[in-house]
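Colleague: So that we are looking at the same thing, I have put the structure below in structure tokens.
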Amino acid sequence: MKKYIFSIILATLILLEIIFMNPIKEFAIKIINNRPDLIILPSNNYTKHYDFMFVKQSTDYVPYSIGDIRNIYYSMINNGWSEFTFYCPTEYEECVKDVQTVSSNDTLLTNINNYTNPFNAFNSIETTYDDSGEINIKLDQLYDIQEINAINKKLDQMIKENITPNMSDEDKIKALHDYIINSTEYDKVRNDTGSSTFKSNTAYGALIENKAICSGYADAMSLLLDKLGIKNFKIASKTHVWNAVYINNQWLHLDLTWDDPVSERGPILDHKYFLITTDELVKADGDDIDTHVFDKTVYLEFND
């Protein structure tokens with residue numbers, strides 16, 4: 001009888017160990033590896049659901065390399081989150097140091113920003129961290145909800161008035177390229193002084209106020225391309241920004257700013273920088289060799 005009771009107790013203990021072993025093991029691993037449960041919010045309507053060569057959408061948000069950290073930053077911005085906290089695993093000893101490297105590199109953060117929809121892009125971004133490996137990122141988005149609503153209304157109107165279903169992607173892009181240039185004036189005051197009464201550095205300036213500098217032209221075009229479902233990102237040199245567009249199975253350059261040159265003769269509509277290869281871009285620049293010099297270790301799509 002005693003042996004029978006002992007066997008029941010032993011079997012019960014073994015069964016309890018089997019039932020609770022995995023949850024206890026997972027909890028212990030979280031504590032040991034410093035991995036509390038992450039708060040993962042849904043992505044918003046402006047998230048891009050395709051990857052690039054330099055940045056890709058994260059799924060688990062646990063980094064094991066500086067590339068993983070870069071992807072976490074991209075994913076947070078791409079998802080439209082204003083704040084996100086993740087944790088360094090203990091086995092990744094250089095994690096906090098690598099976070100410091102990424103978060104202190106303004107050029108890198110700007111390049112990452114260029115791969116997202118402009119409505120999700122940041123105006124400023126701040127990272128805090130501690131020795132335990134808790135990393136918190138907060139960002140201030142470039143566009144507020146009133147601007148987004150006004151721009152979306154304008155984008156829908158532009159597409160309705162300029163695009164027909166039977167048009168090719170190239171024809172659609174050309175129609176919208178021409179519309180923006182014909183209705184927008186380059187903000188020379190902001191270019192010369194660094195400030196302006198217009199929001200010309202954004203799509204709001206380009207589409208609502210009809211004043212833009214290169215970032216405003218590029219944001220406006222990027223938003224339209226996203227509306228049309230055409231893969232794209234913004235590409236930047238040290239002094240300039242323009243669009244990269246995936247069309248006819250290749251990545252091409254599209255620069256509305258340089259197709260809308262400032263002239264004393266009045267408005268000019270050009271197509272010199274309309275959907276061209278990098279070789280054609282260099283040729284079009286001629287002696288002005290610095291404007292479109294970009295980092296090919298970042299914008300890898302143009303390495304082919």
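Colleague: Given the criteria touching a Leu at 6+ places or on another chain (Cβ under 8 Å) and surrounded by 18 or more Cβ atoms within 10 Å (Cβ to Cβ), does residue 113 qualify?
Modeller: no
Colleague: Restricting attention to segment 224-246, does a residue exist that is in a helix (DSSP H, G or I) and either among the hydrophobic types (A, V, I, L, M, F, W, C) or over 30 Å from residue 49 (Cα atoms) (or both)?
Modeller: Checking segment 224-246: at least one residue is in a helix (DSSP H, G or I) and either among the hydrophobic types (A, V, I, L, M, F, W, C) or over 30 Å from residue 49 (Cα atoms) (or both).
Colleague: Then there is this: Please work out if residue 266 is modelled with pLDDT under 95 and open to solvent by 10 Å² or more (accessible area, probe 1.4 Å).
Modeller: Answer is yes for this residue.
Colleague: Please state which of the following conditions residue 260 fails to meet, knowing it meets all the rest: (1) at pLDDT 95 or above; (2) in contact with a Leu (Cβ under 8 Å, 6 or more places away or on another chain).
Modeller: Going through the list (1) at pLDDT 95 or above; (2) in contact with a Leu (Cβ under 8 Å, 6 or more places away or on another chain), residue 260 breaks only (1).
Colleague: With respect to residue 227, determine if the residue is under 30 Å from residue 45 (Cα atoms) and either touching a helix residue (DSSP H, G or I) at 6+ places or on another chain (Cβ under 9 Å) or at pLDDT 95 or above (or both).
Modeller: Yes; evaluated as a whole, the condition is true for this residue.
Colleague: A follow-up question, please. Somewhere in segment 150-169, is a residue surrounded by fewer than 21 Cβ atoms within 10 Å (Cβ to Cβ), of a type in the set (D, E, K, R) and in contact with a Ser or Thr (Cβ under 8 Å, 6 or more places away or on another chain)?
Modeller: no
Colleague: Which of (1) outside any loop (DSSP other than H, G, I, E, B); (2) surrounded by fewer than 16 Cβ atoms within 10 Å (Cβ to Cβ); (3) touching a residue at least 12 places away in the same chain (Cβ under 8 Å) is the odd one out, the single condition residue 192 does not satisfy?
Modeller: All conditions are met except number (3).
Colleague: Considering segment 248-277 alone, what residues qualify as being in contact with a strand residue (DSSP E or B) (Cβ under 9 Å, 6 or more places away or on another chain) and more than 21 Å from residue 190 (Cβ to Cβ)?
Modeller: Going residue by residue through segment 248-277, those that are in contact with a strand residue (DSSP E or B) (Cβ under 9 Å, 6 or more places away or on another chain) are 251-258, 260-262, 267, 273-277.
Residues satisfying the conditions are 251, 252, 253, 254, 274, 275, 276, 277.
Colleague: Tally up the residues in segment 134-149 that are open to solvent by 20 Å² or more (accessible area, probe 1.4 Å), in contact (Cβ under 8 Å) with a residue 12 or more places away in the chain, in a loop (DSSP other than H, G, I, E, B) and not hydrophobic (A, V, I, L, M, F, W, C), please.
Modeller: Total satisfying the criteria: 0.
Colleague: Go through segment 283-304 and report how many residues are open to solvent by less than 30 Å² (accessible area, probe 1.4 Å) and outside any loop (DSSP other than H, G, I, E, B).
Modeller: 4
Colleague: Just one of 249, 243 is under 30 Å from residue 165 (Cβ atoms) and loosely packed, with under 13 Cβ neighbours inside 10 Å; which is it? Talk me through it step by step, then tell me what you get.
Modeller: On the way: 243 fails: loosely packed, with under 13 Cβ neighbours inside 10 Å.
Only one candidate qualifies: 249.
Colleague: Still on this structure, please answer the following. Just for segment 118-133: of the residues that are of a type outside the set (A, V, I, L, M) and open to solvent by less than 10 Å² (accessible area, probe 1.4 Å), which one is modelled with the lowest pLDDT?
Modeller: It comes out as 133.
Colleague: In addition: Of the residues 219, 226, which is touching a residue at least 24 places away in the same chain (Cβ under 8 Å) and either of a type in the set (A, V, I, L, M, F, W, C) or open to solvent by 30 Å² or more (accessible area, probe 1.4 Å) (or both)?
Modeller: Values: 219 fails: either of a type in the set (A, V, I, L, M, F, W, C) or open to solvent by 30 Å² or more (accessible area, probe 1.4 Å) (or both).
Residue meeting the stated conditions: 226.
Colleague: Consider residue 204 carefully, then state whether it is among the aromatic types (Phe, Trp, Tyr), crowded, with 18+ Cβ neighbours inside 10 Å and farther than 17 Å from residue 142 by Cβ.
Modeller: Answer is no for this residue.
Colleague: Continuing with this model, one more query. Does segment 36-87 hold any residues that are part of a loop (DSSP other than H, G, I, E, B), open to solvent by 80 Å² or more (accessible area, probe 1.4 Å) and out of contact with any Ser or Thr (no Cβ under 9 Å at 6 or more places or on another chain), and which are they?
Modeller: 37, 40, 41, 42, 45, 51, 53, 60, 64
The values are calculated or read from the model by the stated rules, or taken from the named source; none is laboratory data. For clarity, every value in this text was computed on a predicted model and none was experimentally measured. Reconstructed Cβ throughout: ideal geometry from the backbone, glycine too, with neighbour counts over all protein chains shown. The protein model used for the area step is the full one, side chains on, heavy atoms only, and it has no ligands, DNA or RNA in it. Shrake-Rupley method; radii C 1.70, N 1.55, O 1.52, S 1.80 Å.
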